[in-house]
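These notes are about the structure you will find just below.
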Amino acid sequence: MNKAYLYQKANSLQRRDAKEVLDEFGHLMQWHVDREESILDVGCGSGDVLVDYLLPALPKTYSRVVGADISEQMVRYARDTYGHLKRVSFTTLDIEGEIPPEMPLSEPFNHITILLLPPLGSGSKNIYNLLADDGDCLLAFLANMPIFEIYEQMARSIKWAPYMKDVHKFVSPYQHSEKPAEEFWDLMYSNQ
């Protein structure tokens with residue numbers, strides 16, 4: 001997604017789903033109000049979900065929140081829009097790739113949130129390595145959806161194929177799996 005402004009105007013479905021995930025499962029995060037904690041929000045997009053839903057749910061003792069997204073345009077928009085907030089920063093990050101040591105991710109995070117992204121493949125090892133020893137992660141993803149089938153069909157059509165070259169980034173690797181939860185758990189435990 002390269003048009004962050006347009007994305008933010010049209011992401012009401014993602015906002016609703018992220019809010020539902022935080023409302024239903026956010027209480028499972030092990031917040032420690034007696035110490036400062038750091039939070040990494042992977043796939044922060046334009047930053048609006050982080051600011052509108054995640055920040056209000058945090059204990060006031062947090063030390064920093066880093067919003068990370070693969071899209072430089074999204075990160076730039078988030079910085080321009082929310083850069084004035086104290087203890088909040090945004091960085092470009094491909095969680096599936098190698099994490100450069102100069103990034104603001106060098107210290108482990110107490111909490112990592114990943115809301116509604118395609119499930120992690122090799123990125124699960126990065127998440128594990130970015131977490132503090134007593135850290136936790138709230139991860140929510142769509143294993144399979146009818147819309148993914150539409151994406152795949154569009155990628156095969158002559159008309160839409162030029163616009164769908166990176167469709168694999170938006171279709172869950174578990175789209176055609178009969179047991180996505182088992183496959184994902186196997187992946188998570190194999191990366192420890």
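The values are calculated or read from the model by the stated rules, or taken from the named source; none is laboratory data. Please read these numbers as outputs of a predicted model, since none were measured by experiment. Positions of Cβ are generated from backbone atoms using ideal geometry, with glycine treated the same way; all protein chains shown enter the neighbour counts. Protein only, heavy atoms only, side chains kept; ligands, DNA and RNA dropped before computing areas. Shrake-Rupley method; radii C 1.70, N 1.55, O 1.52, S 1.80 Å.
The table for this structure:
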quantity: Selected residue (only one of Phe141, Phe184 is under 23 Å from Leu130 (Cβ atoms), among the aromatic types (Phe, Trp, Tyr) and touching a residue at least 40 places away in the same chain (Cβ under 8 Å)); calculated: Phe184
quantity: Answer residue from segment 142-192, given it is surrounded by 14 or more Cβ atoms within 10 Å (Cβ to Cβ) and of a type in the set (D, E, K, R) and is nearest to Ser124 (Cα to Cα) among those; calculated: Glu183
quantity: Residue list for segment 3-31, restricted to those being open to solvent by 60 Å² or more (accessible area, probe 1.4 Å) and either touching a residue at least 60 places away in the same chain (Cβ under 8 Å) or outside any helix (DSSP H, G or I) (or both); calculated: Lys3, Tyr5, Gln14, Phe25, Leu28, Gln30, Trp31
quantity: Residue match in segment 32-51 (condition: open to solvent by 50 Å² or more (accessible area, probe 1.4 Å), in a helix (DSSP H, G or I), closer than 19 Å to Lys9 by Cα and charged (D, E, K, R)); calculated: no
quantity: Any hit, segment 61-74, residues being closer than 24 Å to Lys165 by Cβ, touching a helix residue (DSSP H, G or I) at 6+ places or on another chain (Cβ under 7 Å), open to solvent by 60 Å² or more (accessible area, probe 1.4 Å) and not in a loop (DSSP other than H, G, I, E, B); calculated: yes
quantity: Lone qualifier among Asp48, Asp41 - being farther than 20 Å from Phe109 by Cα, touching a helix residue (DSSP H, G or I) at 6+ places or on another chain (Cβ under 7 Å) and acidic (Asp, Glu); calculated: Asp48
